[in-house]
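Visitor: Questions regarding the structure given below will be posed in turn.
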Amino acid sequence: MTVTFHHQAEVAVNRHNVVRRRDFLRTIACTGVAAGATGWSDMLTLQAAELRKQGKACILLWLAGAPSQFETFDPKPGHANGGETKAIATSVSGIQIAHTLPHTANVMDKVCLIRSMNSREGAHARASYLMHTGYLPTASVKYPTLGSNVAHQVADPDFDLPSFVRVGGIRGGADGGLLGVGFNPFVLNDPSRPPENTAITTTSDRYQRRLGLLGRLDHEYATNGPQQEVKNQGELYEKAAKMVLSPRMDAFDIQEESEATRQAYGESQFASGCLLARRLVESGVTFVEVNSTGWDTHADNAERTTELCASIDQPYAALLRDLEERGMLQNTMVVLMGEFGRTPKINARNGRDHYPRAFSAALAGGGVRGGQVIGQTSPDGASITDRPVGVTDMLRTICHGLGVNADHENMSSIGRPIKIVDGGDVVTEAFA
Amino acid sequence: MSSLLQRDRRLSRVACTLLMLVASAAVAEDSALKTATEVDRLLAARVAPPPAPSAGRVDDPTFLRRTFLDLVGELPTADDVLAFSLDDSPEKRNKLVETLLADSAFGENWGRYWRDVILYRRTEERALISRVALTDFLAKQFNDNASWAEIATSFMTATGNIRENGATALIMAQSGMPEDVTAEVSRIFLGIQIQCAQCHDHPTDRWKREQFHQLAAFFPRIAIRPDRNAEQPTFHVVVNDQPFRFQRRNNNNNRYRGTLEHRMPDLADPSAEGQLMQPVFFVTGSTLPSGTRDADRRNTLAEWITAPDNPWFAKAYVNRIWSELVGEGFYEPIDDLGPDRECSAPETLDYLAQRFADSGYDTKWLFRTIMATDAYQLESRSRRDYDEVPFRANCPQRLRGDQLFDALLSALDLESRTPQRSRGAMGYRRGGDPRSTFNLAFGYDPSDPRVEIGGSIQQALVMMNAPFINQGISARRPDGLGALLQANPQDEEALVELYLKVLARGPSPTEKQTCLDYIRQVGERHEAFEDITWSLINSTEFIHRN
């Protein structure tokens, strides 16, 4: 049996746990995989190889700033806390959402709404970090963000595009952390243009010629000592060059889409991000995060949230339809959420403030059963009255949908085992 | 090399100081050199017979580049290389170290280093506001040769505006949360990761959960308060010594006000008040009474931490600086020391740490000493395997973001403003000035084990394809490569100059042959030299300090 090691998955374990990275690799090489050296981390490698074949992927649509649940998925038209926002019917009888999301209402049969999200963190960066990693930030452990964990567990290491792409940077989104820079997101600021520094500045011939010269000079340099550094650098440049010269780079170019498709997604930056996400997943990228900003509506909440909803509503619905039509929805989980919710009481500036105690999120695809609502809030929206879903429950549910073992342990640099998700339970009814 | 001598040039940094030093005859301090000799003896005594031969003594150009990058974070110029190689004084390496220690770039380089140590572990993003004040504060301290005890004390006892007092950055980086500040103080100044005991007694450590919270009891009265009235939004590290009626913790979980005493949470009942903790310093067991004012708490703790009877303070600093200079710490990771950790050469570290404490925690003395050791002056080899003998070679270190940025500027004759024009193309939103923008892509946490710091695809893409770099290597520029080619009509001379400028050494005979063959094969001089320049700045050697 042969095992391909994700070279970035070589977790360094310090002396507290006996093996170090190279020793670990050597141990495996010597003893073979079937032998007993497989206690903690290589079983997952085997598992990941299988998962890749299943082609699981995830698109995280992140609403940075914390969207108001009252103006999106949990309207309260009968109560003073609900403000002017109306509830509208959806494609699923019995489920109503805010009038700000008419397109989404039409695809409700694909969506599993969770109205009982809750956490204890109400500061943007910390809460955002918590929702992305499952942990509050600490100085001692750099927790990997969800996309890094999923890429680490699921992605094919030989894939020539980055496995984790983030469209638009955000505060508190975290990165590869203890998994290493190899699992950091590849960040794009503008989804409507190809990524920066991927256009070669010379002819392809001359580019190859340069790479050849670089290889020769580095090879000569390696004979004088630092062989490992030269080897690492060579692999990195090979990967980068492979990416730049890959025919799959077209996946980054949404201009290749038909006019009809582009119109179906709409015109906002977020729409471009959603369309790009679909193209990337289709080309084999494992995890795409698309960020929408501006949801921190301390003033004029209803008005501003309505505008923001208009920028995400059509693309979100189009994305789900598009994935379904292409037969990709079953294997692609689409998560729509922000870092917390907003206060039931409307403040003096017609805004809503931070409220982590009860808010909403939406899941679709990846085996999730659409057309259902999980959890409930009280008529005033202030508390959860049914089936609370915490942050770790949510992350565990996403892992479940992607076939990722949430109990898998990675090692921090001082040898502390860190689970992908510590605690929490899968929201099993989401998949029922 | 004769063409080098004929050029019209300014006097280099090395040339100037060599002249100065010949006059003053000031050589590296005796105590540093004696200590260095003893360090080498202790290291050699540790392993006999040596199972693998040590690397040889590093040659002059490599020593020069290594020392420049280590002390001032910059590449030596071609003139520096020349002046150094022409100096035949046996003391020239020590003199070089003295020269660079006296250069203000020394403080700046190490100021940036410690800025990264503190800010890469921030849990509060807005601590970046203090970045400039922090770097300036540190640079001044290092250039004034403030003792490490003095610097550490400033961080532990700081109050005030984070834009004005850089020493507040450590507390700001952890939002003034007592537990997080405690963990960082212990990690950075003692090299002890006592926060592992925050939630439970650690199975392999002797520190108990109670001891962590007793240490946190030195910091309950501090907090971070936003200042929205200031011209630029800022924060203050504030102190609260007065009892107050309401615990002001809002929905956002921000902590704007300190509490009088620290309480250890009840694990069984997190909503309970928790157990009152008295301030106790776990290393010595020294105790302060509950009710002590904040200033006394933090000043006393700083005194205890920096006192000579606490060996961990000196060891943590020596281990870190040794690791940066020699390439590997006595303890790894470099901020995880303690009685339950394995040290690869305990006698050597004990001796060096003791001498460092004796020197009054003189930071320049430590650099002088380590850089005079044979261990520092060995050639570099790739990081050893775990079961190989340590300190048989120096070890290549990946350049930090700031070092690489400066290296690019000098190798390509770029003004620091040039990358700003192509900032959009660099692809990073935060940052602001070109250096910070560059650091977002190339910086790393200096406390992380170096074996885990690899390059990223995005970094490789910048180096290969970024417009500012490709404009920088253009032979059509009036300066940079264009000027170099014009001044050196012979390819071989031009090649030597280019190597000196980019790699601070001349090409080896094989390299020369490879490049001359390449030039012939390409057939167009400008194009060939652009390609060579591109290859040199993308080389493994360029992004490492060897």
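Listed here are the residues, each with its yes/no results for (1) under 22 Å from A:VAL111 (Cα atoms); (2) part of a strand (DSSP E or B); (3) open to solvent by 20 Å² or more (accessible area, probe 1.4 Å); (4) touching a residue at least 40 places away in the same chain (Cβ under 8 Å).
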site	(1), (2), (3), (4)
A:GLY366	yes, no, no, yes
A:ARG369	yes, no, yes, yes
A:GLY401	yes, no, no, yes
A:GLY415	no, no, no, yes
A:ILE418	no, yes, no, yes
A:ALA432	yes, no, yes, yes
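Visitor: Right, next: Under 8 Å by Cβ, and 6 or more places apart or on different chains, what pairs join a residue from the range A:241-253 that is within 13 Å of chain B (Cβ to nearest Cβ) with one that is of a type in the set (D, E, K, R)?
Guide: If the second residue must be of a type in the set (D, E, K, R), the pairs left are A:LYS242/A:ASP160; A:MET243/A:ASP160; A:SER246/A:ASP160; A:PHE252/A:ARG279.
Visitor: Counting only residues that are part of a helix (DSSP H, G or I) and open to solvent by 40 Å² or more (accessible area, probe 1.4 Å), which one in the range B:339-385 is farthest from the other protein chains (Cβ to nearest Cβ)?
Guide: Only one residue fits best here, namely B:ASP358.
Visitor: Quick check on B:LEU64: is it at pLDDT 95 or above and assigned to a helix (DSSP H, G or I)?
Guide: yes
Visitor: Name the residue that is farthest from the other protein chains (Cβ to nearest Cβ), counting only residues in the range B:307-320 that are touching a helix residue (DSSP H, G or I) at 6+ places or on another chain (Cβ under 6 Å) and surrounded by 23 or more Cβ atoms within 10 Å (Cβ to Cβ).
Guide: For the range B:307-320, the residue satisfying everything is B:ALA314.
Visitor: Against the conditions (1) touching a residue at least 24 places away in the same chain (Cβ under 8 Å); (2) within 9 Å of chain B (Cβ to nearest Cβ); (3) open to solvent by less than 30 Å² (accessible area, probe 1.4 Å), where does A:TYR129 fall short? Just the number, please.
Guide: With (1) touching a residue at least 24 places away in the same chain (Cβ under 8 Å); (2) within 9 Å of chain B (Cβ to nearest Cβ); (3) open to solvent by less than 30 Å² (accessible area, probe 1.4 Å) applied to A:TYR129, the lone miss is (3).
Visitor: A follow-up question, please. Checking B:ASP180 against (1) assigned to a helix (DSSP H, G or I); (2) touching a strand residue (DSSP E or B) at 6+ places or on another chain (Cβ under 9 Å); (3) surrounded by 24 or more Cβ atoms within 10 Å (Cβ to Cβ); (4) in contact (Cβ under 8 Å) with a residue 40 or more places away in the chain, which test does it fail?
Guide: (2)
Visitor: Still on this structure, please answer the following. Of the residues that sit in the range B:262-306 and are in contact with a strand residue (DSSP E or B) (Cβ under 6 Å, 6 or more places away or on another chain) and open to solvent by less than 40 Å² (accessible area, probe 1.4 Å), which one is nearest to B:GLY191 (Cα to Cα)?
Guide: Checked the range B:262-306; the qualifying residue nearest to B:GLY191 (Cα to Cα) is B:VAL280.
Visitor: Looking only at residues that are facing chain B (nearest Cβ under 9 Å) and in contact with a His (Cβ under 7 Å, 6 or more places away or on another chain) in the range A:170-221, which one is surrounded by the most Cβ atoms within 10 Å (Cβ to Cβ)?
Guide: This residue is A:GLY172.
Visitor: Let me ask something else. Can you tell me how many residues in the range A:330-344 are in a helix (DSSP H, G or I) and either in contact with an Asp or Glu (Cβ under 9 Å, 6 or more places away or on another chain) or open to solvent by less than 10 Å² (accessible area, probe 1.4 Å) (or both)?
Guide: Here the count works out to 1.
Visitor: Can you name the residue in the range B:111-130 that is in contact (Cβ under 8 Å) with a residue 40 or more places away in the chain and more than 14 Å from chain A (Cβ to nearest Cβ) and is also surrounded by the fewest Cβ atoms within 10 Å (Cβ to Cβ) among such residues?
Guide: Once the filter is applied, the top-ranked residue is B:TYR113.
Visitor: Identify the residue in the range A:345-362 that is open to solvent by 10 Å² or more (accessible area, probe 1.4 Å), assigned to a loop (DSSP other than H, G, I, E, B) and in contact (Cβ under 8 Å) with a residue 40 or more places away in the chain and, among all such residues, is farthest from the other protein chains (Cβ to nearest Cβ).
Guide: Ranking the qualifying residues of the range A:345-362, first place goes to A:ASN350.
Visitor: So which residues in the range B:446-491 are open to solvent by less than 10 Å² (accessible area, probe 1.4 Å) and under 28 Å from A:LYS242 (Cα atoms)?
Guide: If the condition is that a residue be open to solvent by less than 10 Å² (accessible area, probe 1.4 Å) and under 28 Å from A:LYS242 (Cα atoms), then B:ALA460, B:LEU461, B:VAL462, B:MET463, B:MET464, B:ASN465, B:ALA466, B:PHE468, B:ILE469, B:GLY472, B:ILE473, B:ALA475 are the ones that fit.
Visitor: Looking at the range B:183-195 only, could you name the residues that are of a type in the set (A, V, I, L, M, F, W, C) and assigned to a helix (DSSP H, G or I)?
Guide: Residues satisfying the conditions are B:ALA183, B:VAL185, B:ILE188, B:PHE189, B:LEU190, B:ILE194.
To keep it simple, each residue is scored yes or no on (1) on the phi > 0 side of the Ramachandran plot; (2) within 20 Å of the chain's Cα centre (by Cα).
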residue	(1), (2)
A:ILE346	no, no
A:ARG352	no, no
A:TYR355	no, no
A:LEU363	no, yes
A:VAL373	no, no
A:SER378	no, no
A:GLY381	yes, no
A:ASP386	no, no
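One line per residue, one yes/no per condition, for (1) closer than 30 Å to A:PHE340 by Cα; (2) within 14 Å of chain B (Cβ to nearest Cβ); (3) of a type in the set (Phe, Trp, Tyr); (4) open to solvent by less than 60 Å² (accessible area, probe 1.4 Å):
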site: A:GLU229; (1), (2), (3), (4): no, yes, no, yes
site: A:TYR265; (1), (2), (3), (4): yes, no, yes, yes
site: A:GLY273; (1), (2), (3), (4): yes, no, no, yes
site: A:GLU282; (1), (2), (3), (4): no, no, no, no
site: A:PHE287; (1), (2), (3), (4): yes, no, yes, yes
site: A:THR293; (1), (2), (3), (4): yes, yes, no, no
site: A:HIS298; (1), (2), (3), (4): yes, yes, no, yes
site: A:CYS309; (1), (2), (3), (4): yes, no, no, yes
site: A:ILE312; (1), (2), (3), (4): yes, no, no, yes
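Visitor: Within the range B:512-546, can you find the residues that are of a type in the set (D, E, K, R) and open to solvent by 10 Å² or more (accessible area, probe 1.4 Å)?
Guide: Correct list: B:LYS512, B:ASP517, B:ARG520, B:GLU524, B:ARG525, B:GLU527, B:GLU530, B:GLU541.
Visitor: Filter the range A:97-126 down to the residues that are among the acidic types (Asp, Glu) and within 14 Å of chain B (Cβ to nearest Cβ) and list them by number.
Guide: Once the filter is applied, which keeps residues that are among the acidic types (Asp, Glu) and within 14 Å of chain B (Cβ to nearest Cβ), the range A:97-126 yields only A:GLU121.
Visitor: Looking at (1) surrounded by fewer than 24 Cβ atoms within 10 Å (Cβ to Cβ); (2) touching a strand residue (DSSP E or B) at 6+ places or on another chain (Cβ under 6 Å); (3) part of a helix (DSSP H, G or I), which is the one condition that is false for B:ILE171?
Guide: Tallying (1) surrounded by fewer than 24 Cβ atoms within 10 Å (Cβ to Cβ); (2) touching a strand residue (DSSP E or B) at 6+ places or on another chain (Cβ under 6 Å); (3) part of a helix (DSSP H, G or I), B:ILE171 fails exactly one: (1).
Visitor: Can you name every one of the helices (runs of 4 or more DSSP H) wholly within the range B:484-546 that holds 1 or more residues which are more than 23 Å from B:LEU86 (Cα to Cα) and at the interface with another protein chain (Cβ under 9 Å from one of its Cβ atoms)?
Guide: B:509-522, B:525-537
Visitor: Just to be sure before I move on: is B:GLN214 modelled with pLDDT of 85 or more and either small (Gly, Ala, Ser) or exposed (fewer than 15 other Cβ atoms within 10 Å of the Cβ) (or both) in the structure I sent?
Guide: So B:GLN214 fails the test.
Visitor: Where in the range A:199-294 are there helices (runs of 4 or more DSSP H), lying fully within it, with 2 or more residues that are closer than 18 Å to A:ALA155 by Cα?
Guide: A:227-244, A:269-282
Visitor: Taking the range A:47-62 as the region of interest, how many residues are modelled with pLDDT of 85 or more and not in a loop (DSSP other than H, G, I, E, B)?
Guide: Matching residues across the range A:47-62 total 6.
Visitor: Can you go through A:VAL150, A:VAL165 and tell me which one is away from every other protein chain (no Cβ under 11 Å) and touching a Cys at 6+ places or on another chain (Cβ under 8 Å)?
Guide: A:VAL150
Visitor: Just one of B:PHE391, B:PHE442 is within 22 Å of B:ALA105 (Cβ to Cβ), at pLDDT 75 or above and either open to solvent by 10 Å² or more (accessible area, probe 1.4 Å) or more than 11 Å from chain A (Cβ to nearest Cβ) (or both); which is it?
Guide: B:PHE442
The values are calculated or read from the model by the stated rules, or taken from the named source; none is laboratory data. Keep in mind that this is a model prediction, so the values were computed, not measured. For neighbour counting, all protein chains shown are included, and Cβ atoms are generated from backbone atoms with ideal geometry for every residue, glycine included. Areas reflect the complete protein model, heavy atoms only, side chains present, ligands, DNA and RNA absent. Shrake-Rupley method; radii C 1.70, N 1.55, O 1.52, S 1.80 Å.
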